Every structure is written in structure tokens, then in C-alpha cells.
1. Of the residues in the stretch 8-20, how many are modelled with pLDDT under 95 and under 17 Å from residue 47 (Cα atoms)?
2. Restricting to the stretch 69-80, what's the tally of residues that are surrounded by fewer than 14 Cβ atoms within 10 Å (Cβ to Cβ) and touching a residue at least 24 places away in the same chain (Cβ under 8 Å)?
3. Being assigned to a helix (DSSP H, G or I), in contact (Cβ under 8 Å) with a residue 12 or more places away in the chain and surrounded by fewer than 20 Cβ atoms within 10 Å (Cβ to Cβ) is the filter here; which residues of the stretch 49-60 pass it?
4. Inside the stretch 1-39, can you point out the residues that are in contact (Cβ under 8 Å) with a residue 24 or more places away in the chain, exposed (fewer than 12 other Cβ atoms within 10 Å of the Cβ) and either in contact with a strand residue (DSSP E or B) (Cβ under 7 Å, 6 or more places away or on another chain) or part of a strand (DSSP E or B) (or both)?
5. I'm trying to understand the selection: among the residues of the stretch 81-102, which are under 15 Å from the mean Cα position of the chain (by Cα), modelled with pLDDT of 95 or more, surrounded by fewer than 18 Cβ atoms within 10 Å (Cβ to Cβ) and not in a loop (DSSP other than H, G, I, E, B)?
6. For the subset of the stretch 61-80 comprising residues that are assigned to a helix (DSSP H, G or I) and touching a strand residue (DSSP E or B) at 6+ places or on another chain (Cβ under 7 Å), which member is nearest to residue 29 (Cα to Cα)?
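The values are calculated or read from the model by the stated rules, or taken from the named source; none is laboratory data. Not measured: the values here are computed from a predicted model. Cβ sites come from the backbone with ideal geometry, for glycine too, and all protein chains shown count toward neighbours.
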């Protein structure tokens, strides 16, 4: 089960907590992301402990949509397990990944 929150000021910050184990886990998040207007997105992974291919596909869809809408998506603070997964799947070559919120926000300046 996951929990998420979305906040938006200068950038949109999607914070994900828990484990992404299936498409059903991300369905509410996907629906909520359809309503955002600011496509400068930080996906905060500080409290995400696990993801599978559904979570990776969701992040790539957000990245694609943000770039189509003249924005970008960056990842914030993945744990060691997620970092290893991103390395294996080459996600770290697609996304900019930051270890502090200030660094992630500076990406958009």
C-alpha cells in the first residue's frame, strides 16, 4: 500500500510513501496527476521503500508528459535499493536524480 501527496508552488512535488507493488497501487496517484498544471515535477522517493515495473512505468509516463508540456521531472532521494534498481534499468540515465530538495528545485532555475 502506498500513500502520496502532491504540493505545488514553484514546482509540483509528488511525495510517495510505502511500496509500489501493482498497477492498482498507483491508480489513484495517476488520476490525481492528471489534474496538475505545473509540469516542473519533483518525485520525492525518500519514503518509497520498493517499486516494481509499474512504478517505473508511472515515473516514465510523468517524465514524458512533463516534457511534452515544456517541463521536466526529477527524482529526489531514492534509497540504496531503488538506486540500484535505477542503475540496473538505466533509469539513472533518463532522470536527473538529486539527494536534496534544494538541489532538485535548482534543476528548474
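1. Matching residues across the stretch 8-20 total 0.
2. Total satisfying the criteria: 1.
3. Within the stretch 49-60, 54, 56, 60 qualify.
4. Answer for the stretch 1-39, where residues must be in contact (Cβ under 8 Å) with a residue 24 or more places away in the chain, exposed (fewer than 12 other Cβ atoms within 10 Å of the Cβ) and either in contact with a strand residue (DSSP E or B) (Cβ under 7 Å, 6 or more places away or on another chain) or part of a strand (DSSP E or B) (or both): just 1.
5. 83, 93, 96, 101
6. My answer is 62.
Let's see how each residue does on (1) within 20 Å of residue 100 (Cα to Cα); (2) within 13 Å of the chain's Cα centre (by Cα):
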{"site": "5", "(1), (2)": "yes, yes"}
{"site": "15", "(1), (2)": "yes, yes"}
{"site": "26", "(1), (2)": "no, yes"}
{"site": "32", "(1), (2)": "no, no"}
{"site": "44", "(1), (2)": "yes, yes"}
{"site": "55", "(1), (2)": "no, yes"}
{"site": "58", "(1), (2)": "no, yes"}
{"site": "64", "(1), (2)": "no, yes"}
